[in-house]
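The values are calculated or read from the model by the stated rules, or taken from the named source; none is laboratory data. Note that the structure is predicted; figures quoted are calculated from it, not measured. Positions of Cβ are backbone-derived with ideal geometry, glycine not excepted, and every protein chain shown enters the neighbour counts. Each accessible area value is taken on the protein alone, full model and side chains, heavy atoms only, with ligands, DNA and RNA left out. Shrake-Rupley method; radii C 1.70, N 1.55, O 1.52, S 1.80 Å.
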Amino acid sequence: MSAPPASISGARILLRRLREIMQAGGATQERLDKLVQMIAATMVADVCSIYLRRGRVNELFATEGLKREAVHATRLREGEGLVGIVSETGRPLNLADAQRHPRFSFRPETGEDPFNAFLGVPIVRSERVFGVLVVQNRASRVYGDEEVEALQLIAQVLAEMVAANAFGDLSELREVEIKPSKPERLSGRVFSEGIAIGRAVLHEPHTPLGRIVADDPEAEEKRLNEALAQVRARLTAMLEGDEFSITGVSRDVLETFRMLAHDPSWETRLKGGVRAGLSADAAVERVRGEHRARLASVKDSLLREQLHDLEDLDNRLLRALAGDERGAVLPEDAILIARNLGPAELLEYGVHRLSGLALEEGSPYGHAAIIARAAGVPMVGRLAGLLSRTEAGDAVILDGEQGEARLRPEPEVVRAYEQRLTLRSARAAEYARLRDQPAVTKDGVRITLLLNAGLSLDAHHLAEAGAEGIGLFRTEFQFMVSEKLPKLEQQIGLYRDVLAAAGDKPVTFRTLDLGGDKMAASVAIEREENPALGWRAVRIGLDRPALLRYQLRALVEATEGARLRVMFPLVATIAEFEAARNFVEREIAAAKAKKRQGPAAVEIGVMVETPALAFAVPGLKGRADFLSVGANDLMQYFFAADRGNPRVAERYDVLAPSALRLLKQIRDDARAADLDVSICGDAAGKPLEAMAFVALGYDRLSMPASGIGPVKLALAKLDVAATREWLDERLYDPAPSLRAALSAFLKERGAAP
Ligand code: PEP
Ligand code: MG
């Protein structure tokens, strides 16, 4: 190892001294006092102070250079003074002339008047600022980058040492919240229905306590190098895993990712930390903190994306260091805690291995939520403060009925939830009783309820849920879980498994719907400004037909001697549908040319997901065999509101008069053209929405397994004719939604869902 640069050797000395103080023992206050003395001496500062947060106040806990009597007496409210700014923003504040700052708050008991230069850095752990470390000097000067960095390094170590009680129990000294330990209740949104009681597993891991400072920097550098090599090798494997040559497709996404992983400045920053005496984990966490801080301030979308990628790489590296790059070691009752999660990441964990999923952000219309619903795994999102309030291993109750997370719940809350779980199983038993009965409305209209699935495991819910077939099988999930493009045999294998699980019930396969928020490592898709409006789904299939034809070949083979029902996503014109349909016919002809039997019956359908196709339904007469309304996408394009963006996704309602009118028109046009039509967006699985759709004339609904029982029960109370009449009168209403009015109408008639 080459000699470390000066700033690193300085930091190293600091870390060594810090460790000595920690190991020397003694009373907590005494050790804090020694610590500030040491930092002041090493950094040649006239003052060094530690403020820790108590509730909404930052209290001076130790100082060298200010008056001793100020300790535990000087308290700054949240946001008050310069210390307040640092604790509020979580960012360093470096001022040559502190007293001139408009927010400077003079406290006579501290005697700080002679000090001009001020440098404050936050003491942060697990995204929680719990104090501020300050140095001050008489001379008016701005602190250099190296000094800022050294102080940040100390603050990071200090945060971990305090959290690990290395100074003795600070919370005994004063009531400081170092780690959240009390029960808390966070409110969010239900993304996938259900209740889970389990333990927190952090998607963005933290350095294990006690593994911050390293005794042997060389050994740490070796660990870091090994982890780096592991992460890079995996990215290379992903890139090279593309055995199927999709010529002309840019491989930008993975290439950029790999390039970033080889970026020397990233590596230098990581190694700098290790050489300064941090453990490899702590060094990565420090760099991740920098990326996050920059993300918070950067507006440029390209740069933001790059910082997101870097943060993702930091997380991969942390998991590699913990010997668990792909989350291989999950407890049985794991509740995954993340800021946000893409569908591919969720599948990488193995959604069926999770008891629940809690997100600080996210959208209920994104594909991670769809996967969770398909798998019946409870998911709650938009839980503000989740990351900063949860420690790995915390007991968590995920309430996917109310949209809440209970952290470290009291025993009586756990008991109450256990009772709710019992109640849920009673309700499940009620649904199970209905399982073998057909769905019929109160006035005798027979409705077909189908299942949305995407993993072979989901197909097994079919009988359990009481669905009459699979109305939407999302084939892209198989591509998203695998690093390499699934081989023909693997694709055939999956389709055969699904058909076998379905028995004599029909299965509608939807061809690959990649792009948008659904990415697969094996299919390189260029990064686009507007992915939802970009090159996705059937557009990829038609432009690069090798992939589509390969998939259709697998479907034709898998349905040999049986019924092939296949449909295409995101079609905008009849010409696109015809081109896609042609590919199916060519594959069937090719099978026959090889003296294969081919499918016994073939139905080729199309998803109505674009307003353009919604208005072209009459022209599909005689061309398509069936239609399925993809209401998730159709509403996204109808309202021009990104389904993955929570800010806008919930702004509009599928029960808006305008949206219902569009759905009614599709239904009426389909009927006039003799076309079977179903709705397969997630809304079909919600009782109130399902009732509205049936009242509009839809008699085939495809939904997640969890929707079948509740929808069947609700439909049994529905008077279709009366509700249709009520709706028809309101389709030109100026209201943004008929939800409340429809609920009230149904309630009055004893048909509340
Ligand atoms: C839809 O858009 O409604 C749909 C069913 O397809 P996906 O959710 O997979 O885009
Ligand atoms: Mg869709």
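Please report, as a whole percent, how much of the solvent-accessible surface of segment 597-753 comes from carbon and sulfur atoms (probe radius 1.4 Å).
Working: 2970 of 5960 Å².
Ligands and nucleic acids excluded, carbon and sulfur reach 50 percent.
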Problem - Exceeding the 25 Å Cα-Cα cut-off - candidates K664/K747; K505/K747; K518/K664; K484/K594; K664/K712; K484/K505 - result: K505/K747; K518/K664; K484/K594; K484/K505
Exercise for the section: Please tell me the relative contact order of segment 624-753 in percent, rounded to the nearest whole number, where contacts are Cα pairs under 8 Å and at least six residues apart. Expected result: 28
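Order D113, D513, D333 by their accessible area, 1.4 angstrom probe, all chains in place, largest first. Don't skip to the end; give the middle numbers.
Working: D113 90, D513 0, D333 55 Å².
Final ranking, largest accessible area leading: D113, D333, D513.
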Handout entry: Surface accessible to a 1.4 Å probe, K592 within the full protein complex, Å²
Key = 110
Exercise for the section: Would you tally the net charge around G198, using a Cβ to Cβ cut-off of less than 13 Å, leaving G198 out, and scoring K and R as +1, D and E as -1? Expected result: -1
Completion exercise
Note to self: with every protein chain in place and a 1.4 Å probe, segment 277-422 gives an accessible area per residue in Å² of 34
Practice task
Quote to one decimal, in nm, the extra length available between L423 and D113 on full extension: 0.36 nm per residue of separation minus the C-alpha distance between them.
Solution key: 105.1 nm
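Please give the net charge around G598, taking every other residue with its beta carbon less than 13 angstrom from that of G598, where Lys and Arg add +1 and Asp and Glu add -1.
+3
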Problem - Estimated FRET transfer efficiency (E401, E578; beta-carbon r; R0 56 Å; 0.05) - result: 0.75
Completion exercise
Once the in-chain neighbours fewer than 8 apart are removed, the aspartates and glutamates whose Cα is under 13 Å from K717 read D443, E748
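Let me check against my output: what whole-number percent is the relative contact order of segment 434-748, with C-alpha pairs under 8 Å and at least 6 apart? Intermediate results must be reported in sequence, preceding the final value.
Numbers: 583 pairs, mean separation 62.3, N = 315.
For segment 434-748, the relative contact order is 20 percent.
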Practice task
Give me the percent of DSSP beta bridges within the chain that run antiparallel, rounded to the nearest 5.
Solution key: 55
Practice task
Compute the distance in nm between two label points, each set 7 Å from the Cα along the Cα-to-Cβ direction, one at Q230 and one at M259.
Solution key: 2.8
Exercise for the section: Give me the distance between the Cα centres of segment 442-472 and segment 26-69, rounded to whole Å. Expected result: 65
Fill in the blank from the handout: With the 1.4 Å probe rolled over protein heavy atoms, segment 434-748 has an accessible area per residue in Å² of 38
Completion exercise
Rounded to the nearest 10 Å², the accessible area of T268 using a 1.4 Å probe with every protein chain kept is 90
Completion exercise
For E725 and A432, extending 7 Å from Cα along the Cα-Cβ vector and measuring point to point gives, in nm, a value of 4.1
Handout entry: E560 paired with R651, simple spin-label distance in nm, labels 7 Å along Cα-to-beta-carbon
Key = 5.3
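Quickly rank 529-541, 59-71, 274-286 as a protection proxy: mean count of other C-beta atoms within 10 Å, highest first.
274-286, 59-71, 529-541
Contour minus end-to-end for A716 and A73, with contour as 0.36 nm per residue of separation and end-to-end as the Cα-Cα distance?
The span from A716 to A73 would gain 224.7 nm if fully extended.
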Handout entry: Local electrostatic count, M161, Cβ distance below 11 Å [Lys/Arg +1, Asp/Glu -1]
Key = +2
Exercise for the section: At 1.4 Å probe size, with no ligands or nucleic acids counted, give the accessible surface of E146 in Å², nearest ten. Expected result: 120
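Got the relative contact order for the chain handy, in percent, Cα pairs under 8 Å and 6 or more residues apart?
Values: 1473 pairs, mean separation 81.0, N = 753.
So the answer I get is 11 percent.
Can you tell me how much longer the chain between E464 and E88 gets when fully stretched, taken as 0.36 nm per residue apart minus their C-alpha distance, in nm with one decimal? Walk me through the numbers before you get to the answer.
Numbers: separation 376, 0.36 × 376 = 135.36 nm, distance 5.14 nm.
Using 0.36 nm per residue and subtracting the Cα-Cα distance, I get 130.2 nm.
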